[in-house]
Amino acid sequence: MSPPAATASVGVHPIPGQAEGKQHPREFSLLVQAKDGGDLASIPEQALQAVVDRMESNGSKEVPAELPFDELAASLHRGCTHCQASGEGDCLGLAAQDKSGKLAPMRFARRALLPDDIRIQVAYCGICHSDLHKIKAEWGPTNYPCIPGHEIVGVVSEIGSNVHAFRAGDRAAVGCMVNSCGECPECKRGLQNYCSGKTGVVWTYDSEDPSEKGAITMGGYSTHVVLHQKFALHLPANLPMDAAAPLLCAGITTYSPLRHFGLDKPGMRVGVVGLGGLGHMAVKLAKAFGCEVTVISTSPNKKEEAIKGLKADHFIVSKNEEEMAAHANSLDGIIDCVSAHHELAPYLSLLGTDGKLVMVGLSPTPLPLPAFAVAARRRLVAGSAIGSIQETQEMLDFCGEHNIVCDIERISVDYVMTALERLAKGDVHYRFVLDIQGSLVA
Ligand code: NAP
Ligand code: ZN
């Protein structure tokens, strides 16, 4: 059976409303995607075929529209694949219980919707290196159990009474934060990602949740999320949900510093250190801005892909001193996406006068700042954390216009531990994305 035929048949069924979305959120989400003609791969083929057969059995074009949603949902339903999950509640996730880094299915309760909340049935969630740092408590203590995931894309299945920005059935996305104080100078400037108020940034996971006393936020390696409408994003219609998911962290974290530090102009010479999830997005975005892009990597085997696949202009192996020396003083700016401890001096030497090294990679250990290398050419070392909600929407719209998505390896939840091990070794092209709706079924 080919997906387009199924799309056409399912498409004649009227899309059900919020009540049905609330009752059968996963099936509702699948149907919305089928209607949109995309992301069908994770719908169990047999179930979809059963729906198509039923719809076509009568031979009449009128009949399909009369198939009640309940019956359609039953055809698409799959039993819980993780019955052994610990805990209780309406949401099923993959949780770390301690810093061993092991994830296992866990049930827990999401809060009931507040008037400004939306519920998103998660379709896909990217795996960021930050998830790995967090579940292993590499950045300091983590609150366990911890459900990671902040590159979330799905379908709105329920909205609160005061929600105007979304309707049930809309595609929606969530990044690294789900709230902020809303009152501090940063929030008033629209920089929720730098909130300095009493709540601070409320991260999508492992943060105290001001909306629910005593609760710790839980991320997108789970069947659904509930959050304030102001922190949810609209996903452009032309972007596939799975490959767009990592835009919500890897995309915005590289887009924001390229824009803020003026590295978004045609002809700017931009270096990208560390060709992983963030790095490959930095290359794509800088190329879209018209920059001349140099990848600086520890992995010689990434050269061909970087040049041919990502269209980088130059590739330097950082361990090769001759290559590094040949590119001395050649860059206007560098986005440093390295997840581990590394020396800054060799990378600083690539910057010309007034060049900027922007740290987005978050090494668990402090990096010594080589004063001579910074002072010598009035170089600047700066940092950047994700981006504001407004800027994240701007980035998504930019990616929609330029057809930019991430290069991903889509995986089932059963593969998550292997994926995390591979990520720790830098062995990913270039982002793992969990197929939540296809494989984590409550
Ligand atoms: P990733 O996919 O694992 O990529 C990291 C890359 O760094 C690797 O592919 C490797 O690239 C390079 N690398 C690894 N170890 C290295 C070492 N010892 N020396 C030099 N290079 C090394 O990780 P990611 O998801 O892109 O995340 C990168 C970092 O950004 C993480 O620390 C993450 O927590 C952080 N982050 C920050 C923000 C923020 O807001 N600032 C947001 C998201 C993530 P090569 O093989 O090319 O050398
Ligand atoms: Zn991230």
When residue 85 is run through (1) over 19 Å from residue 231 (Cα atoms); (2) open to solvent by 10 Å² or more (accessible area, probe 1.4 Å); (3) modelled with pLDDT of 95 or more, the failure sits at (3)
Going through (1) within 16 Å of ligand 1 (Cβ to nearest atom); (2) closer than 17 Å to residue 222 by Cβ; (3) of a type in the set (D, E, K, R) one by one, residue 117 fails only at (1)
Expected single match for touching a strand residue (DSSP E or B) at 6+ places or on another chain (Cβ under 6 Å), away from ligand 1 (no atom under 16 Å from the Cβ) and open to solvent by less than 30 Å² (accessible area, probe 1.4 Å) among 154, 197, 126, 149 is 154
Taking the stretch 202-217 and keeping only residues that are among the β-branched types (Val, Ile, Thr), in contact (Cβ under 8 Å) with a residue 40 or more places away in the chain and buried (at least 21 other Cβ atoms within 10 Å of the Cβ), one is left with 204
(1) within 13 Å of ligand 1 (Cβ to nearest atom); (2) more than 28 Å from residue 191 (Cα to Cα) all hold for residue 435 apart from (1)
Just wondering, is there one or more residues in the stretch 14-36 that are exposed (fewer than 15 other Cβ atoms within 10 Å of the Cβ), within 24 Å of residue 223 (Cβ to Cβ) and at pLDDT 70 or above? yes
If we scan the stretch 134-141, do we find a residue that is within 16 Å of ligand 1 (Cβ to nearest atom) and touching a Gly at 6+ places or on another chain (Cβ under 7 Å)?
yes
Scanning the stretch 285-306 for residues that are farther than 22 Å from residue 255 by Cβ and either in contact with an Asp or Glu (Cβ under 7 Å, 6 or more places away or on another chain) or open to solvent by 40 Å² or more (accessible area, probe 1.4 Å) (or both) gives 298, 300, 301, 303, 304
Restricted to the stretch 386-425 and to residues being of a type in the set (Gly, Ala, Ser) and surrounded by fewer than 17 Cβ atoms within 10 Å (Cβ to Cβ), the residue farthest from ligand 1 (Cβ to nearest atom) is 412
Within the stretch 281-320, the residues that are among the charged types (D, E, K, R) and touching a residue at least 12 places away in the same chain (Cβ under 8 Å) are 284, 287, 292, 302, 303, 305, 311, 313, 319
Among helices (runs of 4 or more DSSP H) entirely inside the stretch 350-442, those with 2 or more residues being among the hydrophobic types (A, V, I, L, M, F, W, C) and within 16 Å of ligand 2 (Cβ to nearest atom) are 389-402, 416-424
Expected single match for at pLDDT 95 or above and farther than 24 Å from residue 273 by Cβ among 244, 250 is 244
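The values are calculated or read from the model by the stated rules, or taken from the named source; none is laboratory data. These numbers come from a predicted model, not from an experiment. Because the Cβ atoms are built from the backbone with ideal geometry, glycine has one as well, and the counts that use them run over all protein chains shown. Side chains are part of the model used for accessible areas, which takes the heavy atoms of the whole protein and leaves out ligands, DNA and RNA. Shrake-Rupley method; radii C 1.70, N 1.55, O 1.52, S 1.80 Å.
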